[in-house]
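Notes for the one structure printed next.
Laboratory data are not the source of any read-out in this text; all were calculated from the coordinates shown. Being a predicted model, the structure only gives us computed values, none of them experimental. Ideal geometry is used to build each Cβ from the backbone, glycine not excepted, and the neighbour counts take in all protein chains shown.
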Amino acid sequence: MHSNFINKLLNLKGVKVTKISHGDSFVKIYLKTNPREHICPACGSTTSKIHDYRKQLIKDLPLQLKNTYLILQKRRYACSCGKRFYESYDFLPRYHRMTNRLAHYICTELTKTISMTDVANRANVSVSTVSRIFNLINYGKTSLPDVLCIDEFKGNAETGKYQCILVDGKKNRILDILPDRSKSNLISYFKKIPRKERHNVKFFICDMWKQYVDLAKIFFPNAKIIIDKYHFIRQVTWAIEKVRKRLQKTMPYNLRKYYKRSRKLILTRYHKLKDESKKAVDLMLLYNDDLRIAHKLKEWFYEICQSDKYSYQRTEFSKWIENAQNSGIPEFEKCATTYIRWAKEIKNAFKYGYTNGPTEGFNNKIKVLKRVSFGLKNFKRFRNRIIHCSN
Ligand SMILES: [Zn+2]
């Protein structure tokens, strides 16, 4: 028999295949090892006296899409001191009923955003086995980077509705997931981090939540605080949306419908529109003074954001605020007030170009994980799984 080839296929060290049997859904491979001298774990002397044999069923990676079982003829040795012991195998962790490579396969499958039940089915083990293996995986906190991004997501964990995510904005890696976003929790978390490590943070990127900025000032005194671009641009988007909706209410029904469909036209950059759409926008703006001013402010603000010249951005931003304040449009006056309050952090966004983009990507992954896992109530496990799937 070409047992040599089968051995190569199996790729397990020091075993001989004695028999293979196939069922419709399984393959059983019978194995044994060559007897050799063993060192007694009790007294340290050598022995090659075989006491008896026992068969052990071990699950392995699926072969030919069939569930694969290794049936190992386990040998027990006897020592002159009276100790009896089983031989050990490289491919088999002690007391385990699966090969190392199957356990490794399970860990790898767990990095995908699929449910534990799916992983269990793929590996032909029970969900509780998958869960037991996953419980061995634990991610500690990694040290703080130069560029620290913070954001929250709705995890609905046992610890709270919202969880915080810390991301290395340069290396695009999750640093940690915190059980909730409350100020007291964040304070006690950052307090534990050595001052020297905290002082190394050069950029802190967050959304327009005052709590984050307050924290950054206390714990990261050397960091430039940056408001994520998406979050401050959104203020302008919201403002023009509100203007459009306000005007819409004063219109006759048939025109109103037309304007609703025009939502996208108004939000899109004008120069990106097709000629036909440009005409539609021109017409809308012609008859609505407020919308025309709002649209001009929107286009101008997007222009500022898309520029890569900081000196231009800085001066135009101030001019923009002044114009918005005097626009006579309450939605944009409010927007200007918000921008004045966050001016420093927004200018930092222009100057240094960092965004919370990396974090947004992880948030999408978390959403999928939450869905396939039917919510992840247990926070510790939730955290480990997110990190396991993301880095
Ligand atoms: Zn002994």
Notebook entry, point to check: Given H placed 1.01 Å from N in the peptide plane, which residues other than close sequence neighbours of M98 have an amide H under 5 Å from its amide H?
Noted result: K59
Notebook entry, point to check: Taking springs between alpha-carbon atoms closer than 10 angstrom, which of E276, E360, E197 fluctuates most in the Gaussian network model of the chain?
Noted result: E276
Item checked: Label-to-label distance, nm, for residues given as Q56 and K171 (7 Å Cα→Cβ offset) -> 3.8
Margin query: Between K154 and K319, what is the label-point separation in nm under the 7 Å Cα-to-beta-carbon projection?
Written below: 4.1
Margin query: With 10 angstrom as the radius, rank K191, K347 by how many other C-beta atoms surround their C-beta, starting from the fewest.
Written below: K191, K347
Item checked: Ranking of S262, S80 by count of other Cβ atoms within 10 Å, fewest first -> S80, S262
Checklist line | Charge dipole (the chain, unit charges on Cβ, about Cα centre) - positive-most of T159, L285, H199 | finding: T159
Item checked: Across the chain: Cys residues that no other cysteine approaches within a C-beta distance under 4.7 Å -> C107, C149, C164, C206, C305, C335, C389
Next item on the list: Would you mind working out the magnitude of the charge dipole of the range 146-282 relative to its Cα centre, with +1 at each Lys and Arg C-beta and -1 at each Asp and Glu C-beta, to the nearest 20 Debye?
Entry: 760
Check: When the chain is fully extended, how far beyond the present Cα-Cα distance does N34 get from S184, taking 0.36 nm per residue of separation?
Finding: 47.8 nm
Notebook entry, point to check: Taking 0.36 nm per residue of separation and subtracting the Cα-Cα distance, what length does fully extending Y310 through C43 add?
Noted result: 88.6 nm
Margin query: Suppose each label sits 7 Å from its Cα in the direction of the beta carbon; what would the R234-N135 distance come out to in nanometres?
Written below: 3.8
Check: How much length is gained if the chain between N378 and R122 is pulled fully straight, taking 0.36 nm per residue apart and subtracting their Cα-Cα distance, in nm to one decimal?
Finding: 89.8 nm
Notebook entry, point to check: How do Y212, Y230 rank when sorted from fewest to most other Cβ atoms within 10 Å of their own Cβ?
Noted result: Y230, Y212
Note to self: Checking the a/c ratio against 1.5 first, then a/b against b/c, what shape does the Cα gyration tensor give for the range 2-155?
What the structure shows: oblate
Notebook entry, point to check: Add -39500 (n - 2.57) for each DSSP H run of 4 or more in the chain, then divide by its residues: what number comes out at 222 nm, to the nearest 500 deg cm²/dmol?
Noted result: -15000 deg cm²/dmol
Notebook entry, point to check: Quick one: if the Förster radius is 30 Å, what FRET efficiency do S115 and I6 give, using the C-beta to C-beta distance and rounding to 0.05?
Noted result: 0.30
Notebook entry, point to check: Hey, got the dipole for the range 230-352? About the Cα centre, +1 on K and R Cβ, -1 on D and E Cβ, debye to the nearest 20?
Noted result: 520
Notebook entry, point to check: Where is the GNM fluctuation largest for the chain (alpha-carbon springs, 10 angstrom cutoff): T355, T315, T108?
Noted result: T315
Notebook entry, point to check: Near the amide H of R173, under 5 Å away, which other amide H atoms are found, from residues 5 or more places off or on another chain, if H is placed in the peptide plane?
Noted result: D168
Next item on the list: Round to the nearest 0.05 the FRET efficiency obtained for K202 and D282 when R0 = 51 Å and r is the Cβ-Cβ distance.
Entry: 0.65
Check: Put +1 on the Cβ of every Lys and Arg and -1 on every Asp and Glu Cβ in the chain; which of P62, V17, S327 then has its Cα farthest towards the positive end of the dipole?
Finding: V17
